[in-house]
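As structure tokens, the structure follows; a few thoughts come after it.
What follows draws every value from the coordinates through simple rules; no lab data is involved. The structure presented is a predicted model; accordingly, all values stated were derived computationally and were not measured. Cβ coordinates were reconstructed from backbone atoms using ideal geometry, including for glycine residues, and neighbour counts include every protein chain displayed.
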Amino acid sequence: MPGFAVREYRTDVGPADYVLFVDGKPVGVIEAKREEEGDTLSTHEDQAEGYAGARLKYLNNEKLPFVYISTGTITKITDFRDPKPRARTVFSFHRPETIMGDPPGDCAIYPTSFPEAIITADCIKFRINEKIANIKFVFYSLKTVAVKNQFGLITKGVAQKKMSAQRFRNIHLPLPSTLAEQQAIVSEIETRLSVCDKLEESITQSLVQAEALRQSILKKAFAGRLVPQDPNDEPAGVLLERIRAERGSVVAKKATGANKNGRGKRNGK
């Protein structure tokens, strides 16, 4: 499910900082604020809601359901699909498949060191009995194809697909009988994911280096340093001056010719 944000999107009440799109359709707005405004974000809720309810340029949209207000450090979201919508603090922006509730969604471990928070209507919260299951093993299991296929079978709805907590309880996880075996599998997964992260970092670094090399090549090309230079060639500055002089001479001749033709026609009359 592709998602993107358009900056300074025009609306009939002024430009919104960002308008969020999922599958090519507008779904929400982001009102960006300075970090020092973190303590007063609530004072901007009406302004952000105004953009969500505005008519977007080129589009015949209804009110957008998701409104974010963020300083980059503090982020709040209001889901206007809720019966009693209000701003809730979140720790990051939702991914497109999560915010739209489309299966299989996404999962995360909420750290015990974090403060209490309120989840949206599209989330299911559950606790793991750590006497029989490793929390990370369950986390990785929920991301497997076998479990995601089960999500597809229990997700109901047409315009907005969701799964209930009751149906979620019927999910089958491939749970080894001992915690030691679960931990061994988690360790192996994380070792391999670490290798993937390093490969991704290496690829990213190579792309950066390739772009830097590209810019260097272009710079040398325009400076005439890619091929050996003939010392007898005139400098580029001299060549440019000669071209300007020749161009000026041509323009002057055309102007002189036009004046002569004009006088000749008037004399002939």
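Could you work out how far apart the two model spin labels at R7 and S202 are, taking each label as a point 7 Å from the Cα in the direction of the beta carbon, and quote it in nm?
With each label point 7 Å from Cα toward Cβ, the separation is 3.3 nm.
Report the Cα centroid-to-centroid distance between the range 15-74 and the range 108-148 in angstrom, as an integer.
29
Restricting the count to DSSP beta bridges whose residues both fall in the chain, what percent are antiparallel, rounded to a multiple of 5? Before the final figure, lay out each step's value.
Values: 21 of 27 bridges.
Here the antiparallel bridges make up roughly 80 percent for the chain.
Between N170, N149, N232, where does the largest GNM mean-square fluctuation fall for the chain, given springs only between Cα atoms within less than 10 Å?
N232
What does the convex hull of the Cα atoms of the chain come to per residue, in Å³, rounded to a whole number? All intermediate terms of the calculation are to be shown ahead of the outcome.
Values: hull volume 83.9 nm³, N = 269.
Spread over its residues, the Cα hull of the chain gives 312 Å³ apiece.
Subtracting the Cα-Cα distance from 0.36 nm times the residue separation, let me have the gained length for A133 to V227 in nm, one decimal. Mind showing how you got there, number by number?
Details: separation 94, 0.36 × 94 = 33.84 nm, distance 6.61 nm.
Result for the pair: 27.2 nm of gain on full extension.
If contacts are Cα pairs under 8 angstrom and at least 6 residues apart, what is the relative contact order of the range 1-100 in percent?
Numbers: 194 pairs, mean separation 22.9, N = 100.
The value is 23 percent.
Kindly express, to the nearest 10 degrees and within the range 0 to 90, the angle between helix 179-222's C-alpha long axis and the longest C-alpha principal axis of the chain.
0
Using the Kirkwood formula over every pair of different C-alpha atoms, what hydrodynamic radius in Å results for the range 178-226? Could the numbers behind the result be given before it?
Details: mean 1/r = 0.0722 Å⁻¹.
In the range 178-226 this quantity evaluates to 13.8 Å.
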